[in-house]
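Structure record follows, encoded as structure tokens.
Since every read-out is calculated from the coordinates, none of them should be taken as a lab result. Since this is a predicted model, take the numbers as computed values, not measurements. All Cβ positions, glycine included, derive from the backbone under ideal geometry; neighbour counts span all protein chains shown.
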Amino acid sequence: MKISIITVVYNSVDTIMDAVHSVRSQTYSDIEYIVVDGASTDGTTGLLRGNVDLFDTFVSESDKGLYDAINKGISLSTGDIVGLMHADDLFADNEVIADIARTIQQKKTDSIYGDLVYVRKENPDQIVRKWVAGEYKTEKFLYGWMPPHPTFYLKREKFDKIGLYDSSFKTAADYEFLLRCLYKNKITSTYLPKTLVKMRIGGKSNATLLNRIQANKQDFRAWRENGIKPFWFTRYMKPARKVIQFL
């Protein structure tokens, strides 16, 4: 079973090779690694071109943002399963993809996700908060739940039914995509109870209170445009869950 891993990068010269080596250090052998660079201007492009032997596919050109670039990577992928490795992130250990592949085969599931830890940018071994996702139940979305997007892996064939990421949602495109996959289309999913990804803190959607408010509005729009209705308190439960992660 081939697993395609997509890294989208723009101006991340300080962290991109950590992500690359994290992918290439995986013990699982059947990995297709795709790197999509948005024509970086800080030296990232040159660094990647100097290590192009580490990629199965490398593209460097202007794009319309993160999710446009992710869609490009998905379109280039040929694996049975597709997942992401963001340019600032790392796998928690070298067995993550092997564990994902084994669980998907054992459970015969359409998708899989696990836990995530937020770490310091300058020291990825220092944990700031933990995101323990828990077992999957469709109705949990109504109470503000979602799986950690960087840990989510999906059968490639399911994109034909679900579609790609809607980049008009900007920072909430990951939430809209997961809502569309799991809640609207009832794609089967399995929880792998282990930390899969270390995510450096500083995400755009959480950078300021204004960004968090805007992201919250986009979350509510995701329900509306998918023709499904949440509870009145659903939009407030999602940010409230982040507080629990610190505890």
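General remarks:
- Nearest 10 degrees, 0 to 90: helix 66-76 Cα axis against the chain principal axis: 60
- Long-range amide H partners of Phe91 with built H, under 5 Å: Lys198
- Relative contact order for region 3-246, counting Cα pairs under 8 Å that sit 6 or more residues apart, in percent: 22
- Of all DSSP beta bridges confined to the chain, the antiparallel ones make up roughly 30%.
- Placing a pseudo-label 7 Å from each Cα along the Cα-to-Cβ vector at Ser29 and Arg241 gives an inter-label distance of 3.8 nm.
- The modelled label-to-label distance for the pair Arg221/Arg129, using points 7 Å beyond Cα in the direction of Cβ, is 2.4 nm.
- Among the GluC sites (Glu not before Pro) within region 52-133, those in coil by DSSP and having at most 13 neighbouring Cβ atoms inside 10 Å are Glu61, Glu122.
- Amide H within-cut-off set for Ser40, under 5 Å, with H built and near neighbours excluded: Asn11, Thr45
- With R₀ fixed at 45 Å, the C-beta to C-beta distance from Asn94 to Ile162 puts the FRET efficiency at about 0.90.
- Three-way shape call for the chain based on the alpha-carbon gyration tensor, with the a/c threshold at 1.5: rounded
- Evaluated with a Cβ-only charge set (Lys, Arg +1; Asp, Glu -1), region 3-246 carries a dipole of roughly 1380 debye about its Cα centre, given to the nearest 20.
- Loop-exposed chymotrypsin sites (Phe, Trp or Tyr not before Pro) per DSSP, neighbour cap 13 Cβ within 10 angstrom, longest uninterrupted part of the chain: 1-230
- Here Lys64 is the anchor, and the lysines within straight C-alpha reach of less than 20 Å, apart from those fewer than 8 places off in the same chain, are Lys72, Lys170, Lys204.
- Within a Gaussian network of the chain (alpha carbon springs, distance under 10 Å), most fluctuating of Met85, Met237, Met146: Met237
- Coil-residue trypsin sites (Lys or Arg not before Pro) of region 101-172, DSSP, other Cβ within 10 Å capped at 15: Lys108, Arg120, Lys121, Lys137
- Spin-label pair Glu122/Lys64, simplified geometry with 7 Å Cα→Cβ offset, distance in nm: 3.9
- At full extension, Thr41 and Glu139 could sit 30.9 nm farther apart than now, given 0.36 nm per residue minus the alpha carbon distance.
- On Cα atoms only, tilt of 209-225 relative to the major axis of the chain in degrees: 70
- Sequentially through region 13-25, phi angles give Karplus couplings (6.51, -1.76, 1.60; θ = phi - 60°) of 4, 6, 10, 4, 6, 4, 5, 4, 5, 5, 5, 6, 8 Hz, Gly and Pro residues having no value and appearing as x.
- Entry note, the chain: the mean residue ellipticity at 222 nm calculated from DSSP H runs of n ≥ 4, each adding -39500 (n - 2.57), is -9000 deg cm²/dmol after division by the residues and rounding to the nearest 500.
- Cross-link pairs Lys184/Lys217; Lys158/Lys198; Lys137/Lys194; Lys121/Lys217; Lys108/Lys130; Lys121/Lys158 - those with Cα-Cα distance over 22 Å: Lys158/Lys198; Lys121/Lys217; Lys108/Lys130; Lys121/Lys158
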